[in-house]
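The structure under discussion appears below in the form of structure tokens.
Laboratory data are not the source of any read-out in this text; all were calculated from the coordinates shown. The model shown is predicted, which means the values in this text are computed figures rather than measured ones. Reconstructed Cβ throughout: ideal geometry from the backbone, glycine too, with neighbour counts over all protein chains shown.
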Amino acid sequence: MALKIERVLAWEALDSRGTPTVACAISLAGGAEGQAAVPSGASTGSHEAHELRDGGSRFGGKGVRSAVAAVNGEIAQALRGGDAGDQEATDDLLRHLDGTPTLERLGANAVLAVSTACALAAADAHGLPLWRYLAAEEGPPLLPLPMVNVLSGGAHAGGLIDVQDVLVVPVGAGSFAEAIEWAARIRAAAVDVFRERGNSGALVADEGGLAAALSSNREAITVVAAAIERSGLVPGEQVAIAVDVAATQFQEGADYRFAVEDRSLRRDELVAELRSWCDEYPIVSVEDPVGEDDTDGWKLASERLADVQLLGDDLFVTSTERLAAGIANGIANAVLVKPNQVGTLSDTRRLIELARSAGYATVLSARSGDTEDSWLADLAVGWRTGQLKVGSTTRSERTAKWNRLLRLESEYAEARFAGREVLAPAQDFTAAMLRP
Ligand code: PGA
Ligand code: ZN
């Protein structure tokens, strides 16, 4: 059945940092509706699709009235009367209407709001939750293994440490609910660990985790490892550690600058440092170990850290072209997937298909500026991404996603929780994820 688009309405809303973002509602003939607001990053890759901002003085130049006007004008006119049930056609139309490779004219923020609202409206028309509408085949939901932020640094925490994210991965949890309970317990324990170390001023960072001044980056891993033990959980067995180095953020020419340690590292020294962290702590995933265009560094990291999940975020920016180049170069073994880095749901899904065909793991991810929407959780389930990273267990824009999955686990007795088999490197994680 054709799902006729009747009305497209966008407005300027606020994200979790209080920065403007694009929200959009799409109504169909017959009354179905979908609404979505888009997220926004702080440590963005330079190859991401273009986020359209107004400039000028409103909101420090970060207003999105121009993107909103693009939706309410040009985009609404092109979409009205179209079929919301044909997501590919809608996304193609958006891309062609824009006419630039990185959505510079209309803005990836405008385009993603429309693309997502369209999918939600179509799901509503079918009386289906978004995950079910998106699922290629019938089957029970696969709840993703969460990667949960505990400690932040870099652009998410005023540069208190240089690495951006130290996270926990509850690899031994028996259910999604147990995984979240463990992560919350560890976050609380980390507060105690800080207090004991005389560092009582731990603050809440952009993704709901903790931010505190430390004298080295390695110390951040030590604190999280101590918090796991303090929680009565077995490091490595029950809960492992993931690090988002976000090295692009502290790259200086060919070198890398650990500001808190007043130390510059060559790429081989940075990789050696990460190797020693992986040897000392139960680290299962390292994201952006070197800069986004440091191909030699990525090759070195892929050799030296081949036993862990090597996740490309700024490296791949959810681009099939950049991922294809990475696959050809044999770098990384997993891809971080952020819909707003590319602009449409169809492009995001194609990226996931490419990753899967090459045996790369997929980690769907929120942004550091996010919203109270929970559609990202449905994408993780519907597309069976296997892993999901949305921040910590506090702040409502984070819990909105976890809470959505907690509901799905309660609602569908047959729901399966992805275990450690979804982490790269693995021989069979794709098969494991696709197994009903
Ligand atoms: P961002 O950070 O949303 O600020 O880009 C998230 C990440 O780097 O994974
Ligand atoms: Zn990242």
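Key figures for this structure:
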{"quantity": "Whether segment 221-357 is rounded, prolate or oblate, judged on the alpha carbon gyration tensor where a/c under 1.5 counts as rounded", "calculated": "oblate"}
{"quantity": "Span-like helix ranges in the chain, DSSP H, alpha carbon extent 24 angstrom or more, Kyte mean at least -0.5", "calculated": "108-125, 176-196"}
{"quantity": "Student exercise, segment 141-291 dipole from Lys, Arg, Asp, Glu Cβ charges, in Debye to nearest 20", "calculated": "260"}
{"quantity": "Highest-fluctuation residue, Asn109, Asn72, Asn149 considered, GNM on the chain with Cα pairs under 10 Å", "calculated": "Asn72"}
{"quantity": "Difference of contour (0.36 nm per residue) and Cα-Cα distance, Ala29 to Ser200", "calculated": "55.9 nm"}
{"quantity": "Convex hull (Cα only) mean projected area of segment 115-240, reported in nm² to one decimal", "calculated": "9.8"}
{"quantity": "DSSP bridge orientation in the chain - percent antiparallel, rounded to nearest 5", "calculated": "55"}
{"quantity": "Rounded if a/c under 1.5, otherwise prolate or oblate - the chain, Cα gyration tensor axes", "calculated": "prolate"}
{"quantity": "Peptide ranges 165-173, 248-256 listed from the most packed, as the mean C-beta count within 10 angstrom indicates", "calculated": "165-173, 248-256"}
{"quantity": "Highest-first arrangement of 221-229, 93-101, where packing means the average Cβ count within 10 Å", "calculated": "221-229, 93-101"}
{"quantity": "Point-charge dipole on Cβ atoms (K/R +1, D/E -1) for the chain, about Cα centre, debye to 20", "calculated": "680"}
{"quantity": "Selected from Trp402, Trp277, Trp298 as most flexible by GNM, with the chain as the system and alpha-carbon contacts under 10 Å", "calculated": "Trp277"}
{"quantity": "Residue-averaged 222 nm ellipticity for the chain, from DSSP H runs of 4+ at -39500 (n - 2.57), nearest 500", "calculated": "-11000 deg cm²/dmol"}
